[in-house]
Amino acid sequence: MRRKSYIFFILPALIMILIFVYFPIIQNFYFSFFKMSSYSPTRQFVGLNNYRMIFEDDVFYISLRNNTLYAVISVICQVGFGMLLAIILEGSFIGRKLKVFFRNVYFMPSLLSVTAVGLMFYFIYNPNIGLLNGILERIGLGDLKTAWLGNPKTAIYAVIAMSQWQYTGYIMVLLLVAIQKIPHEQYEAAEIDGANSFKKAIHITIPGIRDMITVCTVITVIGAFKLFTEIYVMTQGGPYNRTQVLGTFMYRAAFAYDEMGYGSAIAVIIFAITFLASLVQIKIVYKGRNN
Amino acid sequence: MRRGLFILIVFAILISTFLVAQQVELKFLHRWPDPINQPFFENVVKDFEALNPDIKVNIQAISNDPFKEKIKIVLGTSEAPDVFFTWPGEFTNRFIRAGRIMDITDALVNTGWIDDFVYSQLEPFMYEGRFYGTPYRIDGKVFMYNRLLFEKAGVDFVPETWEELLAACEKLKKAGITPIFFGNEQPWAISHYIGTLNQKSVPEDVWLKDLDPAKGTWDHPGYVEALKKFVQLIPYFNQFPNAIKHAEARANFFAGKSAMMYVEIVEIPYIYRDAPVEFQENWGMFVFPDTGGPGNQKYLTGYPEGFVISADTKYPEQSLRFLKYLTGREAGRREFAEVGYLNGIKNLFDKDEVDPGTWDAVQLVLEAEAMANWLDSSLHARIWDVYSVQLQMLVDGVTTPEKVMQEVRKAADRVRAEF
């Protein structure tokens, strides 16, 4: 009887999840087989045609490449550089007050709205009045001036750079918390054995926060494939689709060009990619624990 | 006495409750949520409600680009606005085909309402012989120029032909002046150039057929010629056009950073709001030069914008009343006074009531042989998607006119196959 009563506590949440998470996913999957628009009551079954069209669309491959590029750079910068910062800030190189100061300074950007940061960087990158070109001019590197968001060679990197500025501090804090959980005795033992700071980081700190590094990596990779706001605010996918990512590619198909079925098919692909990334995360974490 | 007062109060409450119960609420959606236009709409609605106590109008506003996306979604729901903004042409026609916009032909024709309008400004709201909307602001595209910079560079003529335009640009460039400011971050800006050049470079019957998504083949060589002409202008633009917004380009032009800019006449109010006095006293305009192509050279690029009624409205009679007021004479005069736009009502102003610049610009629209719709809103969304991307590439010099049209033809073929 007592065991059964748990159901009443679980049921409301379960119903909500079924209605607001699983049902829309299934419905989206169903819509991906239709040609339909948002304002017309008619829809036409097209089978796998939407998926065929996606794989024939050059913009899909540009989007996929950009998401992957974003994921790779984010893992290197946010997780790699974030880890380095965490180790430095938890080490004995700097004083306590400075540690607190830098922790806050690095973490603060992640508290800002992505839209606001996007607009700020939009102005920083402006070719005529932007801060970046202004600095380059002042330090004698005027030849490097460009339209950072309007140049197809630099636009996607300019957006990615903004995200690194914003989120490296966030990942750093997650890793910092993990480092603080490592028993101090391990470091004391290593010191007695004559280990220097570098060796302590390699042999104690990094293995000690391996789970958290995995989690951070997966958060970053999944985040990279869910990317939308940064692109929407700063470039809207331009110039000529060179900064499209799967999120904006889907939005453009569904809302700018009324291809709701096509948009749903893109959403299914995004779902598949992020779902796979989550499975890999779960597997790695479990494997790590079993070892 | 007390009893009498009590009965009177109860009676008054009953009457007001009855009136409130009789009042209908209209949802009204426009695309100007800025601090200049928004108060104007609020004032118009207030006046309308005072004249029509049985109607309450709820205003919603979404800015230009998000509006294009959101209107498509909201029209498919039960929350569709009763009266809403639209661009006539294919942007509106697809909603008409899907049965989302109310046919107002009978109301226009049977009541003589149609006679209030300049017909050329109402005609764009016609689809397959029926009217679906009324004009809120008339518009056309012209080259605006800075007389001081023309003088400085020794340009003593106003270009009337394509060759003269290029000659003026060359002289300006040699004098160290950027000839034309162009902001194409949002590629509707280039659509105005290419729409004009297409119309002038292609025979009219071919051009009109190609704008129809069910028939357009886009294989006339005039389209490539139009792009080649545009390419001739690229060296005379500012740096990085694809990274600059149209509004930023306009601000630079007003500040004397270039001698010319291709602008809409609805941008004239910005001169008196934003430009330095020196510019306000020294600007002029001319129509797009004669290209010598087989298209009609007397056309003016530009189209009115207006309002339509949702086919699903529960209150068609009240919506019509509001539409008539919103795009009518009284609101039109107020519209010009408060936001500087002119609607499509005949003889709205006398010459001495408006500034000379606006008067000349409006005469250009009213006297044009016909209007050529904006390219982006006259094309099927998927053709424009390809066209806009290709045009941005053309500005950067990474593709050729021939390749642009190849891609446009492919997109048109795909769309045509679906009709």
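Quick notes on this structure:
- Helix B:221-233 vs. chain B, principal-axis angle (Cα, 0 to 90°, nearest 10): 80
- Full extension of the chain between B:Gln38 and B:Arg130 gives 30.0 nm of extra length, using 0.36 nm per residue less the Cα-Cα distance.
- At 1.002 mPa s and 20 °C, Stokes diffusion of the stretch A:190-291 via Kirkwood alpha-carbon radius, µm² per second: 130
- Helical content alone sets the calculated 222 nm signal of chain A at -20500 deg cm²/dmol, taking -39,500 (n - 2.57) per DSSP H segment of four or more residues and averaging over every residue.
- Derived scalar couplings ³J(HN,Hα) [the stretch B:25-32; Karplus, 6.51 cos²θ - 1.76 cosθ + 1.60; whole Hz; x for Gly, Pro]: 10, 9, 9, 10, 10, 10, 10, 10
- Exposed trypsin sites (Lys or Arg not before Pro) absent: longest stretch of chain A, with sites in DSSP loops and at most 10 other Cβ within 10 Å deemed exposed: A:1-152
- With R₀ fixed at 51 Å, the C-beta to C-beta distance from B:Lys215 to B:Leu51 puts the FRET efficiency at about 0.65.
- The residues of the stretch A:50-290 present an accessible area of 51 Å² per residue when probed at 1.4 Å with all protein chains retained.
- Sequence-ordered 3J(HN,Hα) estimates for the stretch B:242-258 from the Karplus curve with 6.51, -1.76 and 1.60 and θ = phi - 60° stand at 6, 10, 10, 6, 4, 5, 5, 4, 4, 4, 5, 5, 4, 7, x, 7, 8 Hz, glycine and proline given as x.
- Rg and Dmax of chain B, Cα atoms only, in Å: 23.8, 92
- Near B:Trp374, the amide H atoms lying under 5 Å from its own belong to B:Gly302, B:Tyr303; only residues 5 or more places off or on other chains count, and H is placed 1.01 Å from N.
- Of all DSSP-defined beta bridges confined to the protein assembly as shown, some 60% are antiparallel rather than parallel.
- Size descriptors for the protein assembly as shown (Cα atoms only): Rg and Dmax, in that order, 30.4, 104 Å.
- At R0 = 45 Å, FRET efficiency that the Cβ-Cβ distance of A:Asp211 and A:Lys4 yields, to 0.05: 0.80
- Two-site label geometry, B:Asp352 and A:Asn28: point separation in nm, points 7 Å out along Cα→Cβ: 6.6
- Residues whose amide H falls under 5 Å from that of B:Ser310, counting only those 5 or more places apart or on a different chain, are B:Val83, B:Phe84, B:Met102, with hydrogens built in the peptide plane.
- Sites listed here are chymotrypsin sites (Phe, Trp or Tyr not before Pro) in the stretch B:116-210 whose DSSP assignment is loop and whose Cβ has at most 15 other Cβ atoms within 10 Å: B:Phe157.
- Cut-off under 5 Å, modelled amide H: who pairs with B:Thr161 long-range: B:Asp290
- Neighbour-limited loop hits for chymotrypsin sites (Phe, Trp or Tyr not before Pro), the stretch A:73-174 (at most 16 other Cβ within 10 Å; DSSP other than H, G, I, E, B): A:Phe93
- The Cα atoms of the stretch A:75-151 cover 44, 30, 25 Å along the three principal axes, with the biggest extent listed first.
- Rounded to whole numbers, the Karplus 3J(HN,Hα) couplings from phi for the stretch A:116-122 are 5, 5, x, 5, 4, 5, 4 Hz, using 6.51 cos²θ - 1.76 cosθ + 1.60 with θ = phi - 60°, and x at Gly and Pro.
- Area buried, chain A against chain B - accessible surface, total, 1.4 angstrom probe, square angstrom: 2300
- Within the accessible area of the stretch A:50-290 (1.4 Å probe), percent carbon and sulfur: 67
- Per residue, the convex hull spanned by the alpha carbons of the stretch B:127-199 comes to 152 Å³.
- Structure-based [θ]222 nm, chain B - -39500 (n - 2.57) summed over DSSP H runs of at least 4, per residue, nearest 500: -15000 deg cm²/dmol
- Extension gain (nm, one decimal) between B:Asp103 and B:Glu369, 0.36 nm per residue minus Cα-Cα: 93.1 nm
- In the stretch A:253-270, the residues that give up 50 Å² or more of accessible area when the other protein chains are added, compared with the chain on its own (1.4 Å probe), are A:Phe255, A:Tyr257.
- Shown for the stretch B:120-275 is the translational diffusion coefficient from the Stokes-Einstein equation, using the Kirkwood radius over Cα pairs, a temperature of 20 °C and a viscosity of 1.002 mPa s: 124 µm²/s.
- Cα shape, the stretch A:50-290, gyration tensor, a/c 1.5 rule: oblate
- Two-site label geometry, B:Glu330 and B:Lys174: point separation in nm, points 7 Å out along Cα→Cβ: 6.0
- A Förster radius of 60 Å, combined with the Cβ-Cβ distance separating B:Ile9 from A:Val105, puts the computed FRET efficiency at roughly 0.35.
- Here B:Asp156 sits with roughly 130 square angstrom of accessible surface, probe radius 1.4 Å.
The values are calculated or read from the model by the stated rules, or taken from the named source; none is laboratory data. Since this is a predicted model, take the numbers as computed values, not measurements. Every residue, glycine among them, receives a Cβ derived from its backbone with ideal geometry; neighbour counts consider all protein chains shown. Heavy atoms of the whole protein, side chains included, go into the accessibility calculation; ligands, DNA and RNA do not. Shrake-Rupley method; radii C 1.70, N 1.55, O 1.52, S 1.80 Å.
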